[in-house]
Amino acid sequence: MPNRPLFLKLLSAVIVFGAWEIAGRIPVSYAFPTFIESMQALFRLALEGTLFTAYAETLKPLVLGVAISAAFGITLGLWIGLSARFEWLFAPVFIVMQAAPLAALIPLLVMAYGIGLTSKVFVVCIMAMPVIVLNTAGAVRNTPVSLKEMGRSFLASDREIILKIIIPAASPVIFSGLRLGISAGFIGAILAELKITPTGVGDIISYSRSVADYPSMYAAIFSIILLAVVFLNLLERLENALFEGNNRGYVSD
Amino acid sequence: MSQTDAATAPSSGPAPDSAVSVRNVSKNYGPVEALKNLSLEFPRGELTSLLGPSGCGKTTLLKIIAGLLQPSAGEIVIDGNTVTAPGPDRAFVFQDFALLPWASVIRNVAFGLELRGVARSEREAIAEKYIANVGLSGFENSYPHQLSGGMRQRVGLARALSVDAQVLLLDEPFSAVDEQNRRKFQEDLLELVRNENKTFIFVTHSIEEAVYVSDQIAILLPRPSRVSEIIRPSGFRNKGIENIRRDPEYLDIVDEIWASLRSYAE
Amino acid sequence: MTAFGYRLPAMSSLLVWGLLWEIIGQLHLTFFVPPLSQVIITLVEIIGTPAFLKALRETAIAFLSGVAASVLIGIPVGILMGKNRLIDEILLPWVNIFLSAPLTALVPVLMVLFGFGMTSIIITTTLFAIWIIILNSRAGVLQINRSLVEMARSFGASPLDAFFKIYVWAALPEILGGVRIGVIRAVKGVIIGQLLISIVGFGALFELYSSNFLMGHFWAVLLVLFGMAFAISEFLGYLERRVAYYAASR
């Protein structure tokens with residue numbers, strides 16, 4: 001069958017959504033609406049426009065936070081990757097941050113910066129930054145030695161080696177670090193809305209839970225997961241298209 | 001086996017003037033002696049092979065000549081000048097090709113010229129000439145991952161030729177290339193040595209390859225690394241490339257080298 | 001990095017950062033950052049208190065249950081996916097979706113379905129950890145050297161033998177790698193769960209400290225948490241490196 005992968009994907013979607021529908025009809029819990037009810041709620045929210053104003057609100061800290069993390073994170077990562085001194089000083093901080101449950105900082109951020117946008121942007125930043133920094137630094141450090149030697153033997157200056165060899169060679173890994181950073185940023189943005197103050201999509205989730213409008217609650221959660229997954233998927237495809245063959249062309253293949 | 005010093009090494013045939021001289025070079029990595037007091041002359045316009053078992057320091061020596069590594073003691077003299085860094089007089093061909101995977105063939109070949117600040121149209125014209133020379137016409141806009149291993153190394157060779165350096169340094173250039181392509185390469189290399197009037201320094205671990213392509217073979221032995229012997233095959237060079245491999249002198253030299261290296265095989 | 005001819009240990013710069021923390025604290029620049037020394041004194045004080053031990057115990061139970069569930073379900077499912085194409089094609093899209101989905105959004109659902117207690121936190125932890133374990137176990141099985149399997153068959157190994165003597169061991173580096181990342185994610189999951197369901201474990205402790213502005217206490221708990229998370233991740237990294245030679249030779 002030529003469309004076997006597509007067919008199986010559809011089949012697996014039907015199985016999961018079907019199970020959701022059946023579980024909702026039994027129902028397994030008073031708080032478990034059917035798939036169809038949830039989708040109806042989703043369409044209603046979209047038609048009313050509530051969904052779009054909510055997303056405008058939710059995406060603000062996410063976009064700001066990711067932009068700040070990207071700018072700072074890549075710069076810092078390049079620096080750490082290029083200088084042993086900088087690596088010694090900064091890398092441990094980000095290695096600990098990478099392993100640590102940084103979400104625990106949220107109550108502190110709220111005390112320091114209040115419950116406004118600043119705190120939320122901070123939450124996105126602390127979630128997104130470590131992976132961006134560490135990926136960038138690792139990519140720079142792992143530039144193939146023979147490429148750098150090639151540059152030197154053909155008389156490249158240090159600046160040319162960085163601009164023409166190290167950065168292009170590192171860019172696929174930097175890009176995937178960005179993608180992982182955005183993925184963590186999504187977690188942070190939603191966490192901020194659920195924990196700090198309910199705004200945007202977090203507001204729809206919290207509000208519909210408090211009035212027991214479970215279909216709307218599930219619809220909002222479904223939509224944010226869908227948005228994150230689709231967006232990250234598109235980024236991954238872009239990554240593959242942009243850097244096609246970039247990791248090949250060495251002797252190893 | 002004779003352990004003669006390089007300076008008094010036996011050589012058959014007259015040695016022309018040297019393009020590159022390695023004088024009393026040592027290289028230590030901490031307590032490990034990679035090279036110890038090594039001296040060697042590389043005659044101008046000829047191909048010299050550095051041949052030896054793995055770990056004998058032949059690639060280290062090549063990278064010191066290239067200026068990529070600093071010797072712990074001793075010096076490298078090229079045309080009367082001591083060199084300590086890479087320079088326009090030398091070009092390197094890498095074992096793993098070291099092509100930029102994100103750049104097309106023509107940009108890869110022109111990369112050395114790009115780094116020297118040659119204008120785009122000019123460097124691409126030069127690159128195109130050398131791409132044609134190594135037989136890759138039509139692949140100018142391909143990318144390294146679209147080429148076979150042999151073709152990639154031709155790109156690496158074209159890049160080294162296009163900067164018009166007097167000395168070409170080749171670090172096991174054919175070791176990652178399949179056997180048929182390697183033979184073709186060896187024939188092309190002989191052609192290059194005859195036509196280009198450059199000095200070639202060629203690192204290999206293949207005895208047959210060294211004897212086939214070299215005007216002079218320096219045999220390096222490990223622990224501590226030293227030049228044990230210098231051999232100058234001369235008899236079969238003008239009998240045509242297709243006859244080399246059955247020439248008695250070729251076979252004798254291969255046997256002789258194997259006899260002195262066999263105790264180093266693991 | 002070397003200074004004055006000595007090689008500085010990799011993480012030694014954390015001492016510099018600790019010193020900086022102490023200085024900022026001593027300068028009383030901000031109420032939110034008490035001196036490190038004071039935090040450490042508070043840490044020693046609270047570490048034996050019933051409230052702290054209760055939070056630690058609850059967190060440890062949720063964390064360990066979540067990790068155990070992820071490992072016990074994740075590894076077999078991953079190996080199954082690696083070996084059976086149909087199961088793989090049906091499950092893989094969902095594994096990938098949940099791997100990149102912002103799982104925090106699911107916590108409210110768990111809260112309404114399973115209540116504000118341990119169950120929800122354990123499920124949150126499992127949801128954070130399991131997907132990468134599945135995916136890595138699958139990858140481990142998929143890239144087992146064919147000739148290794150053929151070797152076993154040519155020497156007459158039964159399918160069961162092949163499974164326990166070849167598959168599990170040959171895929172071990174990837175599986176362990178997945179478990180390491182999964183455990184790190186589980187640490188984050190258990191804390192996120194506790195923050196959102198803030199009446200258990202450290203979540204409750206954080207509520208208490210921040211509503212009473214007990215900065216020293218707050219930082220002391222953070223220090224313990226971050227320290228434990230880092231120790232766990234380093235220990236698993238060490239284990240993984242010990243079996244890395246399996247991967248090197250293929």
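Throughout, read-outs are computed from the coordinates displayed, never taken from laboratory work. The model shown is predicted, which means the values in this text are computed figures rather than measured ones. Counting neighbours? That spans all protein chains shown, and the Cβs are built from the backbone with ideal geometry, glycine included.
Subtract the Cα-Cα distance of A:Glu57 and A:Thr75 from 0.36 nm times their separation in residues, and report this length gain in nm to one decimal.
Numbers: separation 18, 0.36 × 18 = 6.48 nm, distance 2.83 nm.
Length gained between A:Glu57 and A:Thr75: 3.6 nm.
Identify all lysines with a Cα-Cα distance to B:Lys239 below 23 Å; exclude those on the same chain that are fewer than 8 residues away in sequence.
Partners found: B:Lys184, B:Lys198.
Only loop residues by DSSP count here, and only those with at most 14 other Cβ atoms within 10 Å; note down the chymotrypsin sites (Phe, Trp or Tyr not before Pro) in the range A:1-93 that meet that. Each step should come with its number before you reach the end.
Working: sites: A:Phe7, A:Phe17, A:Trp20, A:Tyr30, A:Phe35, A:Phe43, A:Phe52, A:Tyr55, A:Phe72, A:Trp79, A:Phe86, A:Trp88, A:Phe90; in loops: A:Tyr30.
Loop-located and lightly packed - A:Tyr30.
Gaussian network model of chain A, Cα springs within a sub-10 Å range: biggest mean-square fluctuation belongs to which of A:Asp203, A:Asp213, A:Asp158?
Comparing A:Asp203, A:Asp213, A:Asp158 in a Gaussian network model of chain A, the most mobile one is A:Asp158.
Summarise the partner chain shielding of C:212-224 as one whole number: the mean count of Cβ atoms from other chains within 10 Å of each residue's Cβ. Write out the running numbers ahead of the final one.
Working: counts 0, 1, 0, 2, 0, 0, 5, 1, 0, 1, 7, 0, 0.
Mean shielding by partner chains, rounded to a whole number: 1.
If I take all pairs of Cα atoms in the range A:6-54, what percentage of them are more than 15 Å from each other? Don't jump to the answer; show the numbers that get you there.
Numbers: 668 of 1176 pairs.
Here the long-distance tail beyond 15 Å is 57 percent of all Cα pairs in the range A:6-54.
Suppose we keep just the alpha-carbon trace of the range C:47-248; what are its Rg and Dmax in angstrom?
19.8, 70
Testing the spin-label approximation: label points 7 Å from Cα along Cα→Cβ at C:Glu150 and B:Val77. State their distance in nm.
Spacing of the two 7 Å Cα→Cβ label points: 5.8 nm.
Any chance you could check the Cα centroid distance between the range B:240-266 and the range A:177-232 for me, in angstrom?
Taking the Cα centre of each part, the range B:240-266 and the range A:177-232 sit 73 Å apart.
Where Lys and Arg each count +1 and Asp and Glu each count -1, what net charge lies around C:Gly156 among other residues with Cβ under 15 Å from its Cβ? Walk me through the numbers before you get to the answer.
Working: positive: C:Arg153, C:Lys165; negative: C:Glu150, C:Asp161.
Computed value for this residue: 0.
Viscosity 1.306 mPa s, temperature 10 °C: Stokes-Einstein D of the protein assembly as shown from its Kirkwood Cα radius, in µm² per second?
Working: Rh = 30.5 Å.
D, rounded to a whole number, is 52 µm²/s.
Using the eigenvalues of the Cα gyration tensor, what equivalent ellipsoid semi-axes result for the range A:24-130 when each is taken as the square root of five times the eigenvalue, whole Å, largest first?
The three semi-axes for the range A:24-130 are 39, 17, 15 Å.
Which distance in nm do the two modelled labels at C:Leu19 and A:Ser83 give, with both placed 7 Å along the Cα-to-Cβ direction?
For C:Leu19 paired with A:Ser83, the spin-label model returns 1.8 nm.
For peptide A:159-168, compute the average count of partner chain beta-carbon atoms within 10 Å of each residue's beta-carbon.
On the way: counts 0, 2, 1, 0, 0, 5, 4, 0, 0, 4.
Going residue by residue through A:159-168 and averaging, the value is 2.
Over the alpha-carbon set of the range C:4-126, work out the extent along each principal axis and list the three values in angstrom, largest first.
Cα spread of the range C:4-126 along its principal axes, largest to smallest: 63, 48, 26 Å.
If one takes the longest principal axis of the Cα atoms in chain B, at what angle in degrees, from 0 to 90 and to the nearest 10, does the Cα axis of helix B:179-196 lie?
90
Where the convex hull is taken over the Cα atoms of the range B:14-106, what is its projected area averaged over directions, in nm²? Intermediate results must be reported in sequence, preceding the final value.
Values: hull surface 31.8 nm².
About 8.0 nm², averaged over all directions.
Would you grab the residues whose amide H sits under 5 Å from the one on A:Ala31? Only those 5+ places off in sequence or on another chain, please, with H modelled 1.01 Å from N.
Amide H to amide H, under 5 Å and 5 or more residues apart or across chains, A:Ala31 pairs with nothing.
Can you list the equivalent-ellipsoid semi-axes of the range A:125-253, largest first and in whole Å, using the square root of 5 times each Cα gyration tensor eigenvalue? Spell out each step's value before the answer.
Working: eigenvalues 375, 46, 14 Å².
Square roots of five times the eigenvalues give 43, 15, 8 Å.
Considering the dipole of the range A:139-253 built from charges on the beta carbon (Lys and Arg +1, Asp and Glu -1) around the Cα centre, which of A:Ile196, A:Val173, A:Ser153 is farthest to its positive end?
A:Ser153
Quantify how much of the Cα-Cα distance distribution of the range B:99-164 extends past 13 Å, in percent.
Working: 1144 of 2145 pairs.
Here the long-distance tail beyond 13 Å is 53 percent of all Cα pairs in the range B:99-164.
Considering only A:Leu51, A:Leu134, A:Leu163, give the residue with the highest GNM mean-square fluctuation for chain A, with springs between Cα atoms whenever their separation is below 10 Å.
Looking only at A:Leu51, A:Leu134, A:Leu163, the largest GNM fluctuation is found for A:Leu163.
Calculated from DSSP H runs of 4 or more alone, at -39500 (n - 2.57) each and per residue, what is the 222 nm mean residue ellipticity of the protein assembly as shown, nearest 500?
Details: 30 runs with 472 residues, N = 769.
Helices in the protein assembly as shown give a 222 nm mean residue ellipticity of -20500 deg cm²/dmol.
Which distance in Å, rounded to a whole number, links the C-alpha centroids of the range C:143-176 and the range A:94-166?
If we compute the Cα centre of each part, the gap is 39 Å.
Determine, from the Cβ-Cβ distance of A:Asn240 and C:Leu239 and an R0 of 30 Å, the FRET efficiency 1/(1 + (r/R0)^6), rounded to the nearest 0.05. Display every interim value, and only then the final one.
Details: r = 32 Å, r/R0 = 1.08.
Efficiency, rounded to the nearest 0.05: 0.40.
I'd like the FRET efficiency for B:Asp188 and B:Arg116, computed as 1/(1 + (r/R0)^6) with the beta carbon distance as r and R0 of 25 Å, rounded to 0.05. Spell out each step's value before the answer.
Values: r = 26 Å, r/R0 = 1.02.
The value I calculate is 0.45.
May I have the count of lysine pairs in chain A with C-alpha atoms under 20 Å apart, counting pairs 8 or more residues apart or located on different chains?
Details: A:Lys60/A:Lys120; A:Lys60/A:Lys195; A:Lys120/A:Lys195; A:Lys148/A:Lys164.
Total qualifying Lys-Lys pairs in chain A comes to 4.
Spelling out what I want: for every residue of the range B:133-141, take phi, set θ = phi - 60°, compute 6.51 cos²θ - 1.76 cosθ + 1.60 (Karplus), and round to whole Hz; glycine and proline get x.
Karplus-based 3J(HN,Hα) across the range B:133-141 equals 4, 8, x, 10, 3, x, 9, 3, 9 Hz.
Shielding of C:70-77 by partners, i.e. mean partner chain Cβ atoms within 10 Å per residue? Don't skip to the answer; put the middle values down first.
Numbers: counts 0, 0, 0, 0, 0, 0, 0, 0.
Taking all residues of C:70-77 together, the mean is 0.
Take the alpha carbon atoms of the range B:76-218, find their radius of gyration, then divide it by 2.2 N^0.38 Å using N residues; give the quotient. Numbers along the way, then the final one.
Numbers: Rg = 14.8 Å, N = 143, 2.2 N^0.38 = 14.5 Å.
In units of the globular-protein estimate, the range B:76-218 measures up at 1.02.
If you take the Cα Rg of chain B and divide it by 2.2 N^0.38 Å, with N the number of residues, what do you get?
Numbers: Rg = 18.3 Å, N = 266, 2.2 N^0.38 = 18.4 Å.
Rg over 2.2 N^0.38 Å, computed on Cα atoms: 1.00.
Could you tell me which of rounded, prolate or oblate describes chain A, using a ≥ b ≥ c as the square roots of the eigenvalues of the alpha-carbon gyration tensor, with rounded for a/c under 1.5 and, failing that, prolate when a/b is larger than b/c and oblate otherwise? Walk me through the numbers on the way to the answer.
Values: a/c = 3.03, a/b = 1.62, b/c = 1.87.
Here chain A falls in the oblate category.
Search the structure for amide H atoms under 5 Å from the amide H of B:Arg226, placed 1.01 Å from N in the peptide plane, and list their residues when 5 or more places away or on another chain.
Amide H neighbours of B:Arg226, under 5 Å, 5+ apart: B:Leu221.
If you count, for each residue, the other Cβ atoms within 10 Å and average over each peptide, how do B:24-37, B:153-166 line up from highest to lowest?
Working: B:24-37: 15.4, B:153-166: 24.4.
Order by mean packing, descending: B:153-166, B:24-37.
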